[in-house]
Amino acid sequence: MGNKPLLEVKNTGIQFGGLKAVQNLNMVLNQGELVGLIGPNGAGKTTSFNLLTGVYVPTEGDILLNGERINGLPPFKVTRKGVSRTFQNIRLFNELSVLDNVKVAYHSIAKHSIISSILRLPSHFAGEKEMEEKSIEFLKIFSLDKYKDELAKNLPYGQQRRLEIARALAANPKLLLLDEPAAGMNPQETKDLMDLIAFIRDKFDLTILLIEHDMNLVMGVCERIYVLDHGQLLAEGSPEEIRNHPKVIEAYLGEEVHDVNA
Amino acid sequence: MKKSKQFWPFIIVAVLVYVVVQVLISTGMMNQFYSNTLILIAINIILAVSLHLVIGITGQFSIGHAGFLAVGAYISAIITMKLQLPFALAIIVGGVVAALAGLIVGIPSLRLKGDYLAIATLGFAEIIRIVFLNIDAVGGAAGMQVSHLTTWTYAFVCLVITIIVIVNFTNSRHGLAAISVRENEIASDAMGINTTYYKVIAFAIGSFFAGVAGALFSHNFYIIQPSQFGFLKSFDILIFVVLGGLGSLSGAVLSAILLTIVSTYLQGYPETRMIIYSLVLIIVMLYRPKGLMGTMEITDYFKLWRTPKGGGQHGK
Ligand SMILES: Nc1ncnc2c1ncn2[C@@H]1O[C@H](COP(=O)(O)OP(=O)(O)OP(=O)(O)O)[C@@H](O)[C@H]1O
Ligand SMILES: [Mg+2]
């Protein structure tokens, strides 16, 4: 495809009072890549996601999606431009059914107006039907359709994480941001998740940026890795390069890298 | 979807209720006291359901609903009494002006995340009350004479329209968007929902129907005074919603009916009224901390009853 990168982050950063949570962040993601973002606790990984999705407005730099500036846009507009995300601490619509959780993501594709819904015009029924059908189809891909009428809060933990990813994908993103999707999962669930991530990337022709503490997961699936420390980029490269990067070993990986090598 | 199956039964029941009451009134079998209580119940249900949309569905805490009631009451009274225009028009204009007031209060305060709406509505209701208190053209503290134009027919038609509009809104992609804001505003935003838009829309619709209720209210008493629209009135409406169970429309309807009856019978004894009222609240909060209905709807109980097993989930 094009040689223009999907996402370009240029010297971006944000300051909270005196704290520079993220500074001089530079990143380039090409179409179809699966890239990892790692770093110790408090390094600024989640804050970077919040910058990319419009939750925070950067105090410096620019963020370009397909060459178009998206910093300064509110989160819902960033999502509609094609960036969607999951959250480190799951944020489902707890009192809604699994089906309705996904339907919310289809909200913007249906076009029927409030008036048409109040008057129950044909366009209301057509629009609602389309949302419902698409959502059910979508749940099938994730084998979540058997839970469709269950309240989201009643799902087992692993399935909640899965549902959150499904919901983010239903918003039809070009770029998917996953914030520690394996957090709190057991090894089997983590392995299933890795398969799922590889699968959705191919199936939906996606670009994925993944925050993860589980080194096996990151090294296993990512083609390229960015390392953050104290709000700044420490290194960037293939898993192999990161594993052997002296600064990374010194600053943070140490033990864990030996584990992976072993 | 689900609603289309419930729509005709609802209409049939509504028509039955209307006809029976109307016959009782016109044959003189129901005296003025009872018909007035029924009209009052209808008005209070409209208030409860309109606030339910804001608090129960969209999750925005508004504690000044009486302010919009006052706007509808006074504007409609001006239209019938000063401009000599028809009552039906007065009801609509009362609602529209209340909705505009809702936009003015809602847009700045709902842009922000957090409970700014509570403070803004509280302040707004007080300001509106003081404004009417100081305008001599509408009688100031002494109040304004208003003809008795509210009939059972007007009240009931407005009630049915209110319920249909709010139920249809709720059971659509727009209602789902509003509920997603209540459930998790940050996630809703991240899913591409314009959260400010839906908060403002829900609030404006809620204000509109509070204004409609205001028009019915002011033409039901011969006189309106600013003191009728104080904080206690807002609190009464809030109680309907909380007592019924946040998020349950049938709950709001049910508690509006119950509490209107309780307070009508205790009208002669204001002190006793407050005590009994408080007792009812305390008992409900002790035994049903999520309100009378929790988040369930009446129709969910029918579903449960029809499918004894596995029908435990509820639609919305
Ligand atoms: N809204 C905020 N106001 C002030 N400080 C903040 C805010 N958000 C984040 N920070 C600070 O920015 C730094 C980076 O936080 P961030 O959540 O991005 O870390 P992280 O890399 O995601 O860590 P973890 O691995 O624990 O999730 C922390 O010191 C945090 O306290
Ligand atoms: Mg984090």
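The values are calculated or read from the model by the stated rules, or taken from the named source; none is laboratory data. Keep in mind the model is a prediction, meaning the values are calculated, not measured. Heads up, the Cβs are rebuilt from the backbone with ideal geometry, glycines too, and the neighbour counts pull from every protein chain shown. Protein only, heavy atoms only, side chains kept; ligands, DNA and RNA dropped before computing areas. Shrake-Rupley method; radii C 1.70, N 1.55, O 1.52, S 1.80 Å.
Things worth noting here:
- Flag for B:LYS113 being among the basic types (Lys, Arg), surrounded by fewer than 19 Cβ atoms within 10 Å (Cβ to Cβ), closer than 24 Å to B:SER227 by Cα and out of contact with any Pro (no Cβ under 9 Å at 6 or more places or on another chain): no
- Looking across the stretch A:107-140, the residues that are in contact (Cβ under 8 Å) with a residue 12 or more places away in the chain, outside any helix (DSSP H, G or I) and more than 8 Å from chain B (Cβ to nearest Cβ) come down to A:ILE109, A:LYS111.
- Residue within the stretch A:20-32 that is away from ligand 2 (no atom under 15 Å from the Cβ) and within 14 Å of chain B (Cβ to nearest Cβ) present: no
- Considered as a group, the residues in the stretch B:123-179 that are open to solvent by less than 30 Å² (accessible area, probe 1.4 Å) and touching a His at 6+ places or on another chain (Cβ under 8 Å) include one that is nearest to B:VAL253 (Cα to Cα), and that residue is B:ILE166.
Matching residues to (1) assigned by TED's automatic domain parsing to the domain that holds A:GLY42; (2) buried (at least 19 other Cβ atoms within 10 Å of the Cβ); (3) more than 16 Å from ligand 1 (Cβ to nearest atom):
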position: A:PRO181; (1), (2), (3): yes, yes, no
position: A:GLY184; (1), (2), (3): yes, no, no
position: A:LEU193; (1), (2), (3): yes, yes, yes
position: A:ALA198; (1), (2), (3): yes, no, yes
position: A:PHE204; (1), (2), (3): yes, no, yes
position: A:LEU209; (1), (2), (3): yes, yes, no
position: A:ILE225; (1), (2), (3): yes, yes, no
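- Evaluation of B:GLY59 against (1) surrounded by fewer than 15 Cβ atoms within 10 Å (Cβ to Cβ); (2) closer than 23 Å to A:ASP100 by Cβ (one fails), failing number: (1)
- Scan of the stretch A:58-86 for residues that are more than 14 Å from chain B (Cβ to nearest Cβ) and within 29 Å of B:ARG182 (Cα to Cα), ordered by number: A:PRO58, A:ASN71, A:GLY72
- Criterion: over 18 Å from the mean Cα position of the chain (by Cα) and among the β-branched types (Val, Ile, Thr) - qualifying residue of A:ILE242, A:ILE208, A:ILE225: A:ILE242
- Subset tally (residues that are assigned to a loop (DSSP other than H, G, I, E, B) and within 23 Å of A:MET194 (Cβ to Cβ)) for the stretch A:142-158: 5
- Taken together, the criteria place A:GLU164 among residues that are within 14 Å of chain B (Cβ to nearest Cβ), more than 16 Å from A:LEU37 (Cβ to Cβ) and outside any strand (DSSP E or B).
- Within the stretch B:230-249, residues that are crowded, with 20+ Cβ neighbours inside 10 Å reach partners that are among the hydroxyl-bearing types (Ser, Thr, Tyr) with beta carbons closer than 7 Å, at six or more positions or on different chains, in the pairs B:PHE240/B:SER255; B:LEU243/B:SER255; B:GLY244/B:SER255; B:GLY245/B:THR295; B:GLY247/B:THR295; B:SER248/B:THR295.
- Within the option set A:ASN186, A:ASN172, being among the polar types (S, T, N, Q), away from ligand 2 (no atom under 16 Å from the Cβ) and on the phi < 0 side of the Ramachandran plot holds for one residue only, A:ASN186.
- Looking at B:VAL157, B:VAL131, just one residue is of a type outside the set (Ser, Thr, Tyr), within 25 Å of B:VAL17 (Cβ to Cβ) and without any contact (Cβ under 8 Å) to a residue 40 or more places away in the chain, and that residue is B:VAL157.
- The residues of the stretch A:61-106 that are closer than 21 Å to A:PRO181 by Cβ and free of Cβ contacts under 8 Å to residues at least 12 places away in the same chain amount to a single one, A:ASN89.
- Residue that is nearest to ligand 2 (Cβ to nearest atom), among those in the stretch A:87-106 that are more than 7 Å from chain B (Cβ to nearest Cβ) and β-branched (Val, Ile, Thr): A:ILE90
- Residue among B:ILE257, B:ILE276 that alone is open to solvent by 30 Å² or more (accessible area, probe 1.4 Å), away from every other protein chain (no Cβ under 14 Å) and under 19 Å from B:TYR301 (Cβ atoms): B:ILE257
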